[in-house]
Amino acid sequence: MITFEQVLEKSQQHPMGEGKMVRYETPQLIISIVGGRPGLYGDFNELFEVAIIDKKRGDFISDKLYSEYCDSSGQIMPYITREQMLKVVNELVK
């Protein structure tokens with residue numbers, strides 16, 4: 001089970017200079033978690049922006065797996081809580 005502390009340890013500086021990012025991968029999926037800078041949805045402490053991408057096709061599939069957390073575009077899950085983020089990660093990374 002992945003903990004919040006492990007997410008923080010694995011995180012890196014976001015390429016745009018501020019904020020943080022972390023990526024988890026399975027054979028089929030990429031799970032991108034970002035936050036902590038203007039333009040990103042979340043502070044990377046209590047709230048997060050999460051996207052799930054189909055590795056083979058390169059398509060965002062966040063809405064197919066977690067529509068209840070997605071924005072209207074279905075690509076990202078903006079401002080999801082720490083608990084929701086950990087639920088998503090732990091359900092997908094087994």
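Observations, loosely collected:
- Working note: 222 nm ellipticity from helices only, DSSP H runs with n ≥ 4, each -39,500 (n - 2.57), summed and divided by the residues of the chain, gives -6500 deg cm²/dmol to the nearest 500.
- Charging the Cβ of each Asp and Glu at -1 and of each Lys and Arg at +1, and nothing else, the dipole of the chain about its Cα centre rounds to 340 debye.
- For the residues 3, 26, a 1.4 Å probe over the protein chains yields an accessible-area ranking, largest first, of 3, 26.
- Computed over protein heavy atoms with a 1.4 Å probe, the accessible surface of the chain works out to 59 Å² per residue.
- Within the accessible area of the chain (1.4 Å probe), percent carbon and sulfur: 49 percent
- Residue 63 accessible area, assembled protein chains, probe 1.4 Å, Å²: 60 Å²
- Taking amide H as placed 1.01 Å from N in the peptide plane, residue 29 has its amide H under 5 Å from the amide H of 55, each at least 5 places away in sequence or on another chain.
The values are calculated or read from the model by the stated rules, or taken from the named source; none is laboratory data. All of these numbers come straight from a predicted model, not from anything done at the bench. Glycine gets a Cβ as well: all are built from the backbone with ideal geometry, and neighbour counts include every protein chain shown. Ligands, DNA and RNA are stripped out before the accessible areas are found, and what is left, the full protein with its side chains, is counted by its heavy atoms. Shrake-Rupley method; radii C 1.70, N 1.55, O 1.52, S 1.80 Å.
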